[in-house]
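Beneath this line is the structure, given in structure tokens, with notes to follow.
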Ligand SMILES: Cc1cc2nc3c(=O)[nH]c(=O)nc-3n(C[C@H](O)[C@H](O)[C@H](O)COP(=O)(O)OP(=O)(O)OC[C@H]3O[C@@H](n4cnc5c(N)ncnc54)[C@H](O)[C@@H]3O)c2cc1C
Ligand code: FES
């Protein structure tokens with residue numbers, strides 16, 4: 001399939017859940033708890049604390065669910081690819097059991113809360129499968145099924161899956177679930193407001209002071225808080241060195257109608273390619289949602305060609321009649337694949353963080369909310385140590401060193417030398433280039449209508465050179481995943497400031 005034949009990027013979830021405008025509301029002077037980010041981690045935390053009687057303000061740079069939580073595939077499962085075998089091996093059986101219990105509790109909390117609050121989010125129980133197409137890897141899946149069982153989960157090894165793929169074996173988790181993530185988030189936002197909290201859109205946090213009093217600085221002024229929760233996906237503050245400990249991996253998703261008899265009966269994931277499949281019903285039509293084609297955000301790859309390849313696979317294997325939606329997003333992994341949830345840095349008293357869900361933040365972000373509620377209310381929670389962002393685990397060191405070597409490659413030096421001198425006047429419509437013009441390194445894009453947009457090519461986070469994403473028409477940073485519009489506007493952090501505008 002030619003990438004030009006695909007629809008413009010737009011998430012199915014955003015498209016099918018219209019939302020009230022929460023922009024333009026005045027910023028309060030203070031709140032007991034200020035949560036930065038209205039994704040699943042931030043809204044769950046805010047809802048739980050509002051329900052516990054705290055005054056809460058959620059500050060969202062764009063709109064509810066505009067981030068990864070509105071661009072996910074929204075499987076609700078404790079089956080996190082191949083997780084429990086390595087987790088048990090690296091951190092022990094007790095850690096694997098704690099992880100399993102906290103994720104399972106998050107799933108059941110969503111089920112109960114959707115009923116209690118009457119949120120129409122299409123919550124539906126489905127089995128979940130992780131399969132391999134490589135006979136040499138079935139042993140790993142058998143060990144994964146056994147480790148997951150030991151961790152207390154409803155796992156079993158099976159020989160095949162009900163999908164048109166050459167599976168050599170699979171792990172089945174019974175009675176997991178799927179839902180519509182944006183409807184869920186909008187329901188949580190309404191519930192926060194019913195408990196007296198505020199959800200404010202269009203407010204970008206620019207920085208946080210911890211002393212003398214916790215204060216958030218935003219594009220619309222400052223507000224004080226007793227506690228501040230940073231749930232901005234990639235943490236926006238450099239203290240805590242998260243930028244050296246998180247690895248952004250981007251996935252593409254396509255969706256479209258399938259014949260009724262080809263509706264995926266369960267949720268599926270290829271353990272090696274990470275191709276992901278689930279169903280969704282819209283207006284009595286059966287859709288399939290297919291994800292995959294992952295790559296490191298900002299890597300110099302042909303994203304449009306990857307979309308086309310994924311669409312071809314979805315058409316041939318899953319039976320999509322046409323592609324009605326496509327979108328993409330990235331998530332970050334931690335060195336030991338366990339999220340960071342807790343105190344922002346070892347000396348933080350009132351600054352908290354939730355990040356690093358490694359593609360499993362639907363249960364992970366919810367588990368983070370449940371844990372942060374307990375931490376802020378000074379209650380015991382058995383998962384505290386497991387998710388502690390300040391845990392020191394020597395076994396994670398090689399992964400950190402490897403990731404940072406990758407990052408170092410993208411810092412200006414090497415790439416600047418490779419660029420040489422160049423001009424941007426000859427750019428063809430619809431194309432982009434990073435070029436050195438005199439002393440300036442320019443990220444230049446010419447629209448199909450011929451308008452030239454030029455911005456500084458150094459990411460405003462820590463200065464890496466951005467790369468063009470030819471499918472979304474954005475500038476993406478390979479170091480920590482910040483993303484920018486072609487006019488430099490921030491789409492996604494950790495950057496909080498736009499790329500420098502240059503004269504065209
Ligand atoms: C393609 C894909 C498929 C996935 N599929 C699944 C799945 O099937 N199941 C699963 O469990 N997980 C899945 N995940 C992972 C899951 O979607 C994420 O882990 C989760 O959504 C992260 O939630 P979050 O709240 O941390 O981040 P987000 O949802 O990104 O929320 C962060 C919010 O903070 C806002 N923000 C950022 N900077 C600022 C600032 N400076 N000031 C104010 N606000 C700011 C953003 O606009 C955003 O709304 C998938 C991920 C991807 C990429
Ligand atoms: S995101 Fe960190 S340098 Fe760009």
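The values are calculated or read from the model by the stated rules, or taken from the named source; none is laboratory data. Quick caveat: nothing in here was measured; it's all calculated off a predicted structure. Here the Cβ is made from the backbone with ideal geometry for all residues, glycine too, and neighbour counts use every protein chain on show.
Annotations for the structure displayed:
- The condition (being over 17 Å from residue 360 (Cα atoms), assigned to a strand (DSSP E or B) and out of contact with any helix residue (DSSP H, G or I) (no Cβ under 6 Å at 6 or more places or on another chain)) is satisfied by just one residue among 170, 177, 145: 170.
- Under the condition of being near ligand 2 (Cβ under 10 Å from one of its atoms) and not in a strand (DSSP E or B), the residues counted in the range 474-492 number 6.
- Of all residues in the range 218-232, those that are free of Cβ contacts under 8 Å to residues at least 60 places away in the same chain have Cβ atoms under 8 Å from Cβ atoms of residues that are within 16 Å of ligand 2 (Cβ to nearest atom) and not in a loop (DSSP other than H, G, I, E, B), 6 or more apart or on another chain, in 219/206.
- Single unsatisfied condition, residue 230 versus (1) within 16 Å of ligand 2 (Cβ to nearest atom); (2) within 27 Å of residue 304 (Cα to Cα); (3) in contact with a strand residue (DSSP E or B) (Cβ under 6 Å, 6 or more places away or on another chain): (2)
- Condition check for residue 125 on (1) assigned to a helix (DSSP H, G or I); (2) in contact (Cβ under 8 Å) with a residue 12 or more places away in the chain; (3) farther than 19 Å from residue 274 by Cα: one failure, at (1).
- Residue in the range 461-475 that is away from ligand 1 (no atom under 14 Å from the Cβ), touching a residue at least 40 places away in the same chain (Cβ under 8 Å), crowded, with 20+ Cβ neighbours inside 10 Å and under 19 Å from residue 204 (Cα atoms) present: no
- Considering only residues in the range 33-51 that are part of a helix (DSSP H, G or I), more than 6 Å from ligand 1 (Cβ to nearest atom) and touching a helix residue (DSSP H, G or I) at 6+ places or on another chain (Cβ under 7 Å), the one that is nearest to residue 222 (Cα to Cα) turns out to be 46.
- When 439, 467 are checked against the criterion of being out of contact with any helix residue (DSSP H, G or I) (no Cβ under 7 Å at 6 or more places or on another chain) and more than 16 Å from ligand 2 (Cβ to nearest atom), 439 stands alone in meeting it.
- Residue 54 surrounded by 16 or more Cβ atoms within 10 Å (Cβ to Cβ), in a loop (DSSP other than H, G, I, E, B) and touching a residue at least 40 places away in the same chain (Cβ under 8 Å): yes
- Set 163, 200, 185: member being touching a helix residue (DSSP H, G or I) at 6+ places or on another chain (Cβ under 7 Å), away from ligand 2 (no atom under 16 Å from the Cβ) and either closer than 19 Å to residue 21 by Cα or assigned to a loop (DSSP other than H, G, I, E, B) (or both): 185
- Screening 231, 225 for residues that are away from ligand 1 (no atom under 13 Å from the Cβ) and crowded, with 22+ Cβ neighbours inside 10 Å leaves exactly one candidate, 225.
- Residue within the range 85-108 that is part of a loop (DSSP other than H, G, I, E, B) and touching a residue at least 60 places away in the same chain (Cβ under 8 Å) present: no
- Some residue of the range 388-401 being modelled with pLDDT of 95 or more and in contact with a strand residue (DSSP E or B) (Cβ under 9 Å, 6 or more places away or on another chain): yes
- Applying the criterion of being at pLDDT 95 or above and on the phi > 0 side of the Ramachandran plot to the residues of the range 19-64, the residue that is farthest from ligand 2 (Cβ to nearest atom) is 53.
- In the range 112-134, the residues that are out of contact with any strand residue (DSSP E or B) (no Cβ under 8 Å at 6 or more places or on another chain) and farther than 30 Å from residue 40 by Cα: 134
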